[in-house]
1. In region 355-376, what count of residues is obtained for those that are over 13 Å from R329 (Cα atoms), part of a loop (DSSP other than H, G, I, E, B) and touching a strand residue (DSSP E or B) at 6+ places or on another chain (Cβ under 9 Å)?
2. Can you tell me which residues in region 115-134 are surrounded by fewer than 20 Cβ atoms within 10 Å (Cβ to Cβ) and either hydroxyl-bearing (S, T, Y) or modelled with pLDDT of 70 or more (or both)?
3. Working only within region 281-335, note down all residues that are part of a helix (DSSP H, G or I), open to solvent by 10 Å² or more (accessible area, probe 1.4 Å), in contact (Cβ under 8 Å) with a residue 60 or more places away in the chain and out of contact with any Pro (no Cβ under 9 Å at 6 or more places or on another chain).
4. Looking at this structure, is R378 modelled with pLDDT under 90 and surrounded by fewer than 18 Cβ atoms within 10 Å (Cβ to Cβ)?
5. Inside region 337-354, can you point out the residues that are open to solvent by less than 30 Å² (accessible area, probe 1.4 Å), at pLDDT 90 or above and either in a loop (DSSP other than H, G, I, E, B) or over 16 Å from P286 (Cβ atoms) (or both)?
6. Just to be sure I understand the filter: pairs with C-beta atoms under 7 Å, separated by 6 or more residues or on different chains, first member in region 174-188 and closer than 18 Å to I17 by Cβ and part of a loop (DSSP other than H, G, I, E, B), second member at pLDDT 90 or above and of a type in the set (F, W, Y). Which pairs pass?
Amino acid sequence: MTDHYHIRIYESELETICDETFEHQDIETGGGLYGLFSHGGSATVFLATRPAGQVVRSEATLELDPEVARAMENGMWTTFGLQSLGMWHSHHWIGLFEPSSGDLSRARGLAAKAERLRHVEILANFVNGEGAAAPQRPRLPWRRDHSGDAVVRLTPFFYPDVARSERAAASFAVIPGESPIRKEAARLELPSGIGSGLLREAGSQARTRYQLGTSTARRGSGPVGEREELPARPALEEPRTPARPALEEPRTPARPALEEPRAPAADLAGRPGPAGDPRLEPIPDPTVFLEKYLNPLLHESGHVAELRPMGDQLICVVVRGHRHRANFRYTLAWDGRYAFVWAASIQAHRQSLDWVPRGPEERYLLREVFQWGIQNLRGQ
């Protein structure tokens, strides 16, 4: 897919997203995006909200209050003639710079309820940066940094057909100043008690503490709409280095320590590693590690998952079963050259079923162990 979309958004709404992310540095946060789609399919965001009402969130999950979302959609449509475009959310320091499989499942659900194909997602990540220089990720992306050097990288993702997981390349086109809708937001008829928090404006620090990212196309090849030439880059925008797709193996490895020589990406999750008991080493780049070893398995399974980083050596993914009656906990580690399974278990009610390797080499069969967990999860 070669088409490129601009997500037009008012500066005030970028500041609101940045401000909300800074207020919740250790857990996910987010809100709705409201505006209009053009004839060609591009989006203009007039309003970004904060969470309000009965919000459920943790280090790696976010569930907005559906009643608040419904009231907001009705109010925006009847008062201003604007519609829901999608949502934004943060991955704070956990090191995921792409929407997770759970995020994509949620996007499909939101689009299906609104009976639309197009969906806009904005992702907020903390990065270490100095002034307008390119952001440098800390060695452990989920390590909290309260030193004052952190900035928020905001990245747009546009789905022309989210039901088919079709994603186009996207970047921001910033509209200076305050959104006229934010100025008039007091006219919205909303349930009492949620308006002030939902529509609270950003503080002054948000004006200089975000950087703008871009996203690349991934999967799907259906028709897309409006094509645009990229404008001159804003001063705060990061250098043009496209984010690496999560499901594709990069042609030029960013970190050789995580690359298995001459091994195609499809084989990495099922290929055995060296003999002998694996030793636990720090993961050099958790983002690359996730893209190469965990994301392919999650996309193949189609399950919603939660990421739970455990220090600098272990990454646990929790896959939930039907109606959350059970979950599969799958923890991967790094031995200096290869990824291996540190632990895997099915947990249901007060019982658990642990995966027990028959030998050290079985720990390197990532796909087989993952399939063991998914099969047992379906049996619960």
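1. Number of matching residues: 2.
2. Taking region 115-134 and keeping what is surrounded by fewer than 20 Cβ atoms within 10 Å (Cβ to Cβ), we get 115-117, 128, 130-134.
Matches in region 115-134: E115, R116, L117, N128.
3. If the condition is that a residue be part of a helix (DSSP H, G or I), open to solvent by 10 Å² or more (accessible area, probe 1.4 Å), in contact (Cβ under 8 Å) with a residue 60 or more places away in the chain and out of contact with any Pro (no Cβ under 9 Å at 6 or more places or on another chain), then N295, L298, H299, S301 are the ones that fit.
4. Details: modelled with pLDDT under 90: yes; surrounded by fewer than 18 Cβ atoms within 10 Å (Cβ to Cβ): yes.
Considered against the rule, which asks whether it is modelled with pLDDT under 90 and surrounded by fewer than 18 Cβ atoms within 10 Å (Cβ to Cβ), R378 comes out as yes.
5. Of region 337-354, the ones open to solvent by less than 30 Å² (accessible area, probe 1.4 Å) are 339-341, 344-346, 348.
Okay, now just the ones that are also at pLDDT 90 or above, so 339-341, 344-346.
Correct list: V341, A344, S345, I346.
6. Note: pairs meeting the criteria are G177/Y10; E178/Y10; S179/Y10; S179/F46.
Yes or no, residue by residue, for (1) surrounded by fewer than 24 Cβ atoms within 10 Å (Cβ to Cβ); (2) part of a strand (DSSP E or B); (3) β-branched (V, I, T):
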position	(1), (2), (3)
H6	yes, yes, no
E13	no, no, no
F22	yes, no, no
L36	yes, yes, no
G40	yes, no, no
E67	yes, no, no
E73	yes, no, no
T78	yes, no, yes
S84	yes, yes, no
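Results for (1) within 25 Å of F172 (Cβ to Cβ); (2) of a type in the set (D, E); (3) at pLDDT 85 or above; (4) in contact with a Lys or Arg (Cβ under 8 Å, 6 or more places away or on another chain), shown as yes or no for each residue.
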position: G41; (1), (2), (3), (4): yes, no, yes, yes
position: L47; (1), (2), (3), (4): yes, no, yes, yes
position: V56; (1), (2), (3), (4): no, no, yes, no
position: T61; (1), (2), (3), (4): no, no, no, no
position: M72; (1), (2), (3), (4): yes, no, yes, no
position: L82; (1), (2), (3), (4): yes, no, yes, no
position: W88; (1), (2), (3), (4): yes, no, yes, no
position: S100; (1), (2), (3), (4): yes, no, no, no
position: Q136; (1), (2), (3), (4): yes, no, no, no
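The values are calculated or read from the model by the stated rules, or taken from the named source; none is laboratory data. Predicted model, so just to flag it, every value in this text is computed and none were measured. All Cβ positions, glycine included, derive from the backbone under ideal geometry; neighbour counts span all protein chains shown. Areas reflect the complete protein model, heavy atoms only, side chains present, ligands, DNA and RNA absent. Shrake-Rupley method; radii C 1.70, N 1.55, O 1.52, S 1.80 Å.
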